[in-house]
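K.L.:
Take a look at the following structure, please.
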Amino acid sequence: MTRDEAEAALATCCGSARWVRAVLAAHPFRDAAHLEAAVARAFDRLTSEDWLEAFAAHPRIGEDPARLARFAHAEVSAREQGGVLGAAEATRKALADGNRRYEAIFGHVFLVCATGKSADEMLAILRSRLTNDPATELRVAAGEQRKITALRLAALGEKV
């Protein structure tokens, strides 16, 4: 990939501009290990504000498809949140209510690595995390962002 192509690809993996710039500084990547090291270094240097920027690039779990379309990576997010499709209306409503409560408490979107999880699993995780203090929750959400980023990078394969 060219540098511009790598930058665009990395931006689909994590919404923090600082993270993208830091990883891109190691481009071209010699191999997967070189990329993984750059990714880890970049994550280790993020501030709270950078994490919040990354979280803001994600739609809410169970977001209405019409609202989901406003996100740059709507298709990827929709695929990752596939476990919400076909969920019972009560579960979808509980997710929406939980998302609102979470955002009121923490000031950012509830972030979970949704790949492979059912709507009920995501709802249980959301509910359990509502009891965290803000500093703990920021760390937990950052860990989820790392997982999401790893899956998205893996989906890119050797292209980056």
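Read the figures in this text as sums done on the coordinates, not as results from a lab. Owing to the predicted nature of the structure, the values given are computational and were not obtained by experimental measurement. Neighbour counts are summed over all protein chains in view; Cβ atoms, including those assigned to glycine, are modelled from backbone coordinates with ideal geometry.
K.L.:
Let me have the 222 nm mean residue ellipticity of the chain computed from DSSP H runs of 4+ only, each contributing -39500 (n - 2.57), with the sum over all residues rounded to the nearest 500.
P.N.:
Only helices count here, giving -20000 deg cm²/dmol.
K.L.:
Quick one: what do you get for the chain if you divide its Cα Rg by 2.2 N^0.38 Å?
P.N.:
Numbers: Rg = 15.9 Å, N = 160, 2.2 N^0.38 = 15.1 Å.
With N residues counted in the chain, Rg over 2.2 N^0.38 Å equals 1.05.
K.L.:
Sticking with this one: Which helices, taking whole DSSP H runs in the chain, have alpha carbons extending 30 angstrom or more along the helix axis plus mean Kyte-Doolittle at least 0.0?
P.N.:
Those that pass (Cα extent of 30 Å or more, hydropathy at least 0.0) are 134-156.
K.L.:
Further, regarding this structure: Which of the peptides 29-42, 9-22 is most tightly packed, and how do the rest follow, going by the mean number of other Cβ atoms within 10 Å of each residue?
P.N.:
Those peptides, ordered most packed to least, come out 9-22, 29-42.
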